[in-house]
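A short write-up of the structure that comes next.
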Amino acid sequence: MPTGFLAAGTILASALALGRRALLPWRGLFRGRLLFLVFAASAVRGIRSLVILGLCLAGCVDAWLFRCLLAGGSLLLLHDAWRARATLKALLKTIRLDGMTMAQVAGAALLLAPMAAGAIAMPLDYDAPEYHLGAPAAYV
């Protein structure tokens, strides 16, 4: 189970870092910073899925290539966080937690705790062509 959380965190971290860099020129189109980050990470995850599908169909996918791309994206996020540490410290000082916020956090933690306990570890023998082409093949 811990490896599944580590893999999911790495995938999200690399998508966040790559999406933030790719969509930085259009940051002004988004209302808030959090919305921009969520959209950037989601867009990169979708694009990466399509690229992996194309590479699988061409027979060019290797597990080590995929792991290196994820590690590279995660290193980019760590680099960005290191450069923005002064801004992050100032942001943490401005956060005020009132009773309603603490109640919402506690409620979310109660709802998410059973999910975390039963989280499924990602398999190490992931077969991307089978995942992407198995369902469409059933309807042909």
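Filtering the range 59-82 down to residues that are over 17 Å from Gly19 (Cβ atoms) and open to solvent by 70 Å² or more (accessible area, probe 1.4 Å), which residue is modelled with the highest pLDDT? Among residues in the range 59-82 that are over 17 Å from Gly19 (Cβ atoms) and open to solvent by 70 Å² or more (accessible area, probe 1.4 Å), the one modelled with the highest pLDDT is Trp82.
Taking the criterion of being free of Cβ contacts under 8 Å to residues at least 60 places away in the same chain and surrounded by 12 or more Cβ atoms within 10 Å (Cβ to Cβ), the residues of the range 13-29 that qualify are Ala15, Leu18, Gly19, Arg21, Ala22, Leu23, Arg27. Considering the range 30-39, and only residues there that are open to solvent by less than 90 Å² (accessible area, probe 1.4 Å) and not in a helix (DSSP H, G or I), the residue that is farthest from Thr87 (Cα to Cα) turns out to be Phe30. If only residues of the range 101-130 that are in a helix (DSSP H, G or I) and β-branched (Val, Ile, Thr) are counted, the one that is modelled with the lowest pLDDT is Thr101.
Tallying residues that are modelled with pLDDT of 80 or more and surrounded by 16 or more Cβ atoms within 10 Å (Cβ to Cβ) within the range 40-52 yields 4.
Among residues of the range 30-48 that are without any contact (Cβ under 8 Å) to a residue 40 or more places away in the chain, those with a beta-carbon under 6 Å from a residue that is not in a helix (DSSP H, G or I) at least six positions away or on a different chain give the pairs Phe36/Phe30; Ala40/Leu23.
The values are calculated or read from the model by the stated rules, or taken from the named source; none is laboratory data. Given the structure is predicted, the values throughout are model-derived calculations rather than measurements. Please note: Cβ atoms are built from the backbone with ideal geometry, for glycine as well, and neighbour counts cover all protein chains shown. The protein model used for the area step is the full one, side chains on, heavy atoms only, and it has no ligands, DNA or RNA in it. Shrake-Rupley method; radii C 1.70, N 1.55, O 1.52, S 1.80 Å.
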